[in-house]
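The values are calculated or read from the model by the stated rules, or taken from the named source; none is laboratory data. Owing to the predicted nature of the structure, the values given are computational and were not obtained by experimental measurement. Heads up, the Cβs are rebuilt from the backbone with ideal geometry, glycines too, and the neighbour counts pull from every protein chain shown. We work out accessible area using only protein heavy atoms, side chains counted, and drop any ligands, DNA or RNA first. Shrake-Rupley method; radii C 1.70, N 1.55, O 1.52, S 1.80 Å.
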Amino acid sequence: MKAMPWNWTCLLSHLLMVGMGSSTLLSRQPPPLSQKRSFVTFRGEPAEGFNHLVVDERTGHIYLGAVNRIYKLSSDLKVLVTHQTGPDEDNPKCYPPRIVQTCNEPLTTTNNVNKMLLIDYKENRLIACGSLYQGICKLLRLEDLFKLGEPFHKKEHYLSGVNESGSVFGVIVSYSNLDDKLFIATAVDGKPEYFPTISSRKLTKNSEADGMFAYVFHDEFVASMIKIPSDTFTVIPDFDIYYVYGFSSGNFVYFLTLQPEMVSPPGSTTKEQVYTSKLVRLCKEDTAFNSYVEVPIGCERGGVEYRLLQAAYLSKAGAVLAQTLGVHSEDDLLFTVFSKGQKRKMKSLDESALCIFILKQINDRIKERLQSCYRGEGTLDLAWLKVKDIPCSSALLTIDDNFCGLDMNAPLGVSEMVRGIPVFTEDRDRMTSVIAYVYKNHSLAFVGTKSGKLKKLPEPVGPAQRTKVSVEETSHLHWQACPDFMSTPHFPQVLLCCLV
């Protein structure tokens, strides 16, 4: 996969919240000219692209991860401070990187693409990981982006050798009286011997500590990681797990992924490669990763299958949508965007769907699969373990909602797909990003599209409206795409969008 040459502009969109009645959440009439939405924009240097965006929930300050630079912006997109991260002399074949030992590969001036940007609230620092030197990270002080640390001398400090900006996802698990954990998920680009696809790392209080990013547990036989077996690549030479989204909820950490699989079409004896969207779940406290389970997800509307995950966002249900779905208002929902089919990853079809998953239902399906496997039924059923086809082993034990696995029947796959609820489909302008939040008991979703439109969608308010909702196009922005955006915590009417 080649990194796409994003050249983003970030903007602040002041979205007009209209009156909400019981039958509709949005005015169907366009706003008068005097109420047109205003946009405040920030443009980076012509040669650099924006890769990631995070907002400090306490201050409203915005941090942008760009090619060769980290920006700190005010809530109205004024530059407060910048920190340069590249370019530098490097070669992706240098492992360990040349800053550790001499590399015999030819070195060239190489851009540093930001691959992960996280706020560590507990220690008031920004974790900024790039593409240089096999994916090392800087720890920057939130106030002024002063470099607190940049560990690079141990193999645990090299998080990902993929140069693509969307190849790494991280989730921080925080504790009041212990060091925090960082769950890292990354594509491995054919190098499973160097990089685990998922691992949990230590976030030490001291940014320069020798144990920063060390595996939470590691001995001769077991470690806090999942590695793709090398023989998987004999079946699918270009196999990888591509991470789209990650979050924590309750006792678990979740990642949403795209994975290639070899399947036989109906009536055919030959196999072809397709992509399957899967949710991966791990227990926060599982240091041996015995709790790893993955389950396929997708949705269907009118006989059309939407199986290629494009984006996702975790939100609460809100009182109105909760009543429609038969859940509690504080239950977690996954708002997801899928494109049609399974066969194209890099060039997805324009037909796309916005679908809602009730997280509890996914967890219930995982629990059922764990119970059946521990009764000795079936195999571990993982695409990347198919060369072994390991049978489940029976054991007499009680598996409840918080079961975190044993050193058997792991890692485990669920074969039956969990289907989401489709609430909106788009046939011509593929949806590429999504955010959702609760406003005055109503759940609102915003989607960004391939052509640069923002669409505001209300929740369905009754069973008859689950497949048909009103849509307001908040703006046509005349850029190529809207791949990433988020709301700010202090002003829910304000939307941040990064545009190609």
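Taken over the stretch 223-232, the criterion of being of a type outside the set (A, V, I, L, M, F, W, C) and open to solvent by less than 30 Å² (accessible area, probe 1.4 Å) is satisfied by 224, 229, 232.
Of the residues making up the stretch 415-436, not a single one is part of a strand (DSSP E or B), farther than 30 Å from residue 52 by Cα and either touching a His at 6+ places or on another chain (Cβ under 6 Å) or open to solvent by 30 Å² or more (accessible area, probe 1.4 Å) (or both). Every test in (1) touching a strand residue (DSSP E or B) at 6+ places or on another chain (Cβ under 7 Å); (2) open to solvent by 20 Å² or more (accessible area, probe 1.4 Å); (3) within 22 Å of residue 190 (Cβ to Cβ) is passed by residue 147 save one, and that test is (3).
For the stretch 56-86, a residue qualifies if it is within 20 Å of residue 130 (Cα to Cα), open to solvent by 20 Å² or more (accessible area, probe 1.4 Å) and part of a strand (DSSP E or B), and the qualifying residues are 69, 81, 82, 83, 84. When the residues of the stretch 87-132 are filtered to those that are part of a loop (DSSP other than H, G, I, E, B), under 23 Å from the mean Cα position of the chain (by Cα) and of a type in the set (S, T, N, Q), the one that is surrounded by the fewest Cβ atoms within 10 Å (Cβ to Cβ) is 124. Taken together, the criteria place residue 235 among residues that are of a type in the set (Val, Ile, Thr), in contact with a helix residue (DSSP H, G or I) (Cβ under 9 Å, 6 or more places away or on another chain) and either open to solvent by 20 Å² or more (accessible area, probe 1.4 Å) or in contact (Cβ under 8 Å) with a residue 40 or more places away in the chain (or both).
Of the residues 161, 135, which is crowded, with 21+ Cβ neighbours inside 10 Å, at positive phi and among the small types (Gly, Ala, Ser)? Sole residue among the options that is crowded, with 21+ Cβ neighbours inside 10 Å, at positive phi and among the small types (Gly, Ala, Ser): 135. Can you confirm whether the stretch 150-157 contains a residue that is buried (at least 18 other Cβ atoms within 10 Å of the Cβ) and in a strand (DSSP E or B)? Within the stretch 150-157 (the criterion being buried (at least 18 other Cβ atoms within 10 Å of the Cβ) and in a strand (DSSP E or B)), the answer is no, since none of the residues qualifies.
Here the condition is being touching a residue at least 40 places away in the same chain (Cβ under 8 Å), among the acidic types (Asp, Glu) and in contact with a strand residue (DSSP E or B) (Cβ under 6 Å, 6 or more places away or on another chain); of 180, 189, it holds for 180 alone. For the stretch 245-259, the set of residues classified as assigned to a strand (DSSP E or B) and surrounded by fewer than 19 Cβ atoms within 10 Å (Cβ to Cβ) consists of 247, 248, 249, listed by residue number.
Among the residues of the stretch 392-411, just one is open to solvent by 30 Å² or more (accessible area, probe 1.4 Å), farther than 18 Å from residue 360 by Cα and within 24 Å of the chain's Cα centre (by Cα), namely 410. A Cβ distance below 8 Å, combined with a sequence gap of six or more or placement on separate chains, defines the contacts here; from the stretch 323-352, residues that are modelled with pLDDT under 90 reach residues that are of a type in the set (A, V, I, L, M) and open to solvent by 20 Å² or more (accessible area, probe 1.4 Å) in the pairs 341/349; 346/1.
Here is a yes/no grid of residues against (1) out of contact with any Pro (no Cβ under 8 Å at 6 or more places or on another chain); (2) closer than 23 Å to residue 446 by Cα; (3) without any contact (Cβ under 8 Å) to a residue 60 or more places away in the chain; (4) among the acidic types (Asp, Glu):
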position	(1), (2), (3), (4)
266	yes, no, yes, no
270	yes, no, yes, no
274	no, no, no, no
287	yes, no, no, no
292	no, no, no, no
299	no, yes, no, no
306	no, yes, no, no
309	yes, yes, no, no
